[in-house]
Amino acid sequence: MKTILTGLLIIALIACSSCNKNGNRFYKNNPPPFKQNAYIRLPLGAVKPAGWLHDQLEIQAEGLTGNLDDFWPDLVNSAWRGGTSEGWERGPYYLDGLVPLAYLLDDPKLIEKSRDWVEKIIASSTDSGWYGPAKNKDRWPLAVANKVLMQYYEATGDNRAVDLLLKYFKYLHDTPPDWPDKDWRGVRAMENAVTGYWLYRLTGEKWLPETIESIEKNSTDWTTYYEIFPWDSAANAENRIPHIWDATGLTAHVVNNAMAIKYPGLWYQQSGDERYKRAVFEGIAKYDKNHGQAGGRFSGDEHLSGNTPDRGTELCSVVEYMFSLGELYEILGDNSLADRLELLAYNSLPGTTTPDYWAHQYDQQSNQVLVSAAKRNWSSNKDYSNIYGLMPNFACCLANMHQGWPKFVETMWMATNDNGLAAVAYGPSVVKAKVGNATDVTLTEETDYPFKGAVKFTITTSEPVRFPLYLRVPSWGSAKISWKGKSETALAGSTFKIIEKWKDGDEILIEMPMDLRYETRYNNSVSVLRGPLFFSLRIDKEYRQVKTDYDNFGYKGSVDWEIYPKSDWNYGLIISRENPELALNITENNVGKYPFADSGDMIWSADSGKYITCDDDAAVVIKTRGMRIPGWQMKDNSADLPPFSPVRPEEELQEVTLVPYGAARLRITEFPVMDIIFATGIIKPD
Ligand SMILES: [Zn+2]
């Protein structure tokens with residue numbers, strides 16, 4: 001009996017060590033006693049963009065990201081590259097997007113550019129451990145630069161980056177905490193933990209967790225903030241949200257909130273306390289309830305500003321929320337986090353830039369019917385905030401916008417604790433990784449997702465290899481998955497695991513649910529969704545170049561645009577909430593060279609050196625029935641709040657056209673619904 005028990009124990013130990021006692025054999029998870037993360041981020045370069053997503057990154061390389069440090073004085077002469085100009089956050093913000101973009105595209109020109117910057121940063125490391133421009137004494141921009149060096153190391157293996165980071169974290173360990181609540185470095189202190197935990201996984205230095213614990217204990221307490229959530233709808237209605245820059249106002253600042261949502265999750269790795277995990281999901285739910293906007297984001301036209309569709313969301317908060325969600329998915333593995341990451345990437349991010357990536361907004365709106373320099377209902381942002389330009393309102397977004405697409409690509413695939421791979425977010429891509437018994441495999445993902453629902457993976461391997469493949473099934477419907485002559489339907493929101501001995505050329509097909517859905521929004525209005533895409537009313541438009549209160553330097557495509565409506569926008573929809581497919585006609589077009597363009601958009605042509613008008617339709621076009629609502633007009637230069645639905649019909653039925661939110665620079669996204677009972681005299685409900 002004793003022998004049998006010992007035998008069982010040995011088997012149990014072997015089984016344990018082969019699955020996940022130490023996590024993945026090739027990509028490091030947290031060492032004990034830390035909590036093991038659900039997944040493991042692959043190093044920069046393991047996931048590459050393909051298809052339309054490759055085009056999107058090329059657009060970025062041809063647009064602002066590839067050109068900005070050639071003409072924007074704050075970067076041209078940045079103190080981070082040895083100049084005399086800005087030496088705070090703008091250089092590191094820019095590099096946080098430029099470095100991954102360069103290596104994801106294997107673009108020699110961009111790699112050369114980014115190396116020039118990084119060499120200067122590495123050379124700035126001092127004996128004390130401090131680094132960066134001599135004139136900067138603030139820890140905040142170093143928290144961003146840390147992430148740049150992390151990515152640079154992953155792409156190049158240059159140990160000098162790790163040496164610098166270890167020296168800097170030793171400096172943080174050995175000097176007194178300096179994370180005041182009233183300063184950016186205090187409210188954003190846990191941004192350092194992203195790199196701190198990465199360094200710990202890489203080096204195992206025992207003093208690194210002490211450093212992070214000291215930061216967590218001596219900086220803004222975001223966990224309690226999410227539990228209490230002082231800046232709710234009531235605070236907004238009663239004008240209690242502080243539009244100021246002290247310790248209280250900084251907790252209401254939209255970008256700080258988008259960064260901070262990951263902080264309890266980061267600390268959960270070390271504390272193991274479920275309280276911190278709960279705070280993440282509570283926080284997201286409270287953002288949705290009190291400040292939620294179409295496209296997965298929350299509002300903040302500088303400070304949190306409620307859930308009506310006239311309010312703005314700052315671009316920095318979109319890319320920071322995306323980065324936070326990628327980090328949180330790695331730690332917690334909850335599919336709702338990846339669902340939202342796709343919503344932001346495929347709606348809010350493209351919707352706030354021009355299709356050619358030469359101009360961006362500071363504030364985007366769900367119902368955005370006029371893009372112009374004018375006073376709007378913002379908490380504190382200025383008149384230029386919703387134009388598409390070089391640096392409307394303030395230049396933080398100009399520096400920070402570049403990380404959005406590249407980091408999204410990096411996050412699309414992750415390694416699993418049992419030596420397999422997980423498809424986290426869908427889109428055309430290629431992943432190369434070690435799996436199973438140390439075999440190198442390539443998975444090619446061919447798809448026009450999110451514009452179309454079919455996804456095909458093809459496996460390339462030199463020898464057959466057994467490994468698990470985890471597929472995230474979106475929350476909006478079950479997916480049909482087929483492989484090796486088998487087929488199953490996977491439940492909405494689940495993770496579908498396939499363990500097979502895969503051989504070269506094996507294919508896995510996924511049919512994503514692409515049924516139309518309605519989401520109820522402000523004043524009982526509706527938003528129309530298909531897959532992860534929100535759809536907006538197409539409004540005929542006229543782009544006008546404007547002179548602003550700053551210099552846009554006129555370099556290549558750098559312009560400032562106002563956009564004026566040339567057709568009515570005040571439409572309600574005639575739809576049945578119970579039967580979303582009724583009377584909607586969907587056309588899937590080829591995804592164009594500019595995936596988020598629609599006819600009438602202005603596109604910079606580098607070949608001809610001028611702007612040309614796009615005459616291609618958006619990748620998906622929906623025709624449906626609507627009706628003008630004469631009483632719904634402009635207020636404070638925005639569309640007034642949609643009237644409460646259902647709305648009694650007054651005018652004739654008309655056909656209206658919807659296009660993806662990301663391709664609609666003028667748009668209605670929260671639609672009133674016409675009263676179908678009154679409308680039955682005009683149309684039949686089925
Ligand atoms: Zn910004």
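The table that follows gives values for the structure above.
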{"item": "Gain upon complete extension [Lys623, Thr442; 0.36 nm per residue less C-alpha separation]", "result": "61.2 nm"}
{"item": "DSSP-defined antiparallel bridges as percent of all bridges, the chain, nearest 5", "result": "95 percent"}
{"item": "Distance from segment 536-553 to segment 79-111 (C-alpha centre basis), Å", "result": "27 Å"}
{"item": "Ranked packing of 459-468, 179-188, most packed first, by mean Cβ within 10 Å", "result": "179-188, 459-468"}
{"item": "Accessible-area composition of the chain, carbon plus sulfur, in percent [1.4 Å probe]", "result": "51 percent"}
{"item": "When the chain is reduced to its Cα atoms, the Kirkwood hydrodynamic radius in Å", "result": "26.0 Å"}
{"item": "Computed lengthening from Lys206 to Glu651, 0.36 nm per intervening residue step minus Cα-Cα distance", "result": "153.1 nm"}
{"item": "Accessible area per residue in Å² at 1.4 Å probe, computed on the chain", "result": "36 Å²"}
{"item": "Separation of alpha-carbon centers, segment 190-215 and segment 406-476, rounded to whole Å", "result": "29 Å"}
{"item": "Around Asn307: net Lys/Arg minus Asp/Glu count, Cβ-Cβ under 9 Å", "result": "+2"}
{"item": "Per-residue HN-Hα couplings for segment 524-532 [Karplus 6.51, -1.76, 1.60; θ = phi - 60°; Hz; x = Gly/Pro]", "result": "6, 6, 10, 10, 9, 10, 9, x, x"}
{"item": "Local electrostatic count at Gly186 - Lys and Arg +1, Asp and Glu -1, tallied over other residues with Cβ under 14 Å", "result": "-3"}
{"item": "Solvent exposure ordering (accessible area, 1.4 Å, most first) of Arg90, Arg297, Arg577", "result": "Arg577, Arg90, Arg297"}
{"item": "Cα-based Rg of segment 423-539 normalised by 2.2 N^0.38 Å, two decimals", "result": "1.25"}
{"item": "Mean Cβ neighbour count within 10 Å, used as a protection proxy, ranking 134-145, 285-296 highest first", "result": "285-296, 134-145"}
{"item": "Loop sites in segment 209-269: trypsin sites (Lys or Arg not before Pro), DSSP, at most 12 other Cβ within 10 Å", "result": "Arg240"}
{"item": "Sum of -39500 (n - 2.57) over DSSP H runs of 4+, divided by residues of the chain (222 nm, nearest 500)", "result": "-10000 deg cm²/dmol"}
{"item": "Cross-link pairs beyond the 21 Å C-alpha cut-off, checked among Lys109/Lys137; Lys547/Lys635; Lys434/Lys503; Lys113/Lys135", "result": "Lys109/Lys137; Lys547/Lys635; Lys113/Lys135"}
{"item": "Cβ crowding within 10 Å averaged over residues, with 649-661, 504-516, 601-613 ranked highest first", "result": "649-661, 504-516, 601-613"}
{"item": "Karplus (6.51, -1.76, 1.60) ³J(HN,Hα), θ = phi - 60°, over segment 611-616, in Hz, Gly and Pro reported as x", "result": "7, 10, 8, 6, 10, 8"}
{"item": "Loop GluC sites (Glu not before Pro), segment 214-243 (other Cβ atoms within 10 Å of the site Cβ: 13 or fewer; DSSP)", "result": "Glu238"}
{"item": "At most 10 other Cβ within 10 Å, DSSP loop - trypsin sites (Lys or Arg not before Pro), segment 470-567", "result": "Lys547"}
{"item": "Relative contact order [Cα under 8 Å, 6+ residues apart], segment 485-617, whole percent", "result": "16 percent"}
{"item": "For Asn437, net neighbour charge (Lys/Arg +1, Asp/Glu -1) across residues whose Cβ lies under 13 Å away", "result": "+1"}
{"item": "Rel. contact order, % - alpha carbon contacts under 8 angstrom, at least six apart, the chain", "result": "14 percent"}
{"item": "Extended-chain gain in nm, criterion 0.36 nm per residue less alpha-carbon gap, Asp106 and Thr175", "result": "20.9 nm"}
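The values are calculated or read from the model by the stated rules, or taken from the named source; none is laboratory data. Treat the numbers as computed from the prediction; the structure is a model and nothing was measured. Glycine gets a Cβ as well: all are built from the backbone with ideal geometry, and neighbour counts include every protein chain shown. All accessible areas refer to the heavy atoms of the entire protein, side chains included, with ligands and DNA or RNA removed. Shrake-Rupley method; radii C 1.70, N 1.55, O 1.52, S 1.80 Å.
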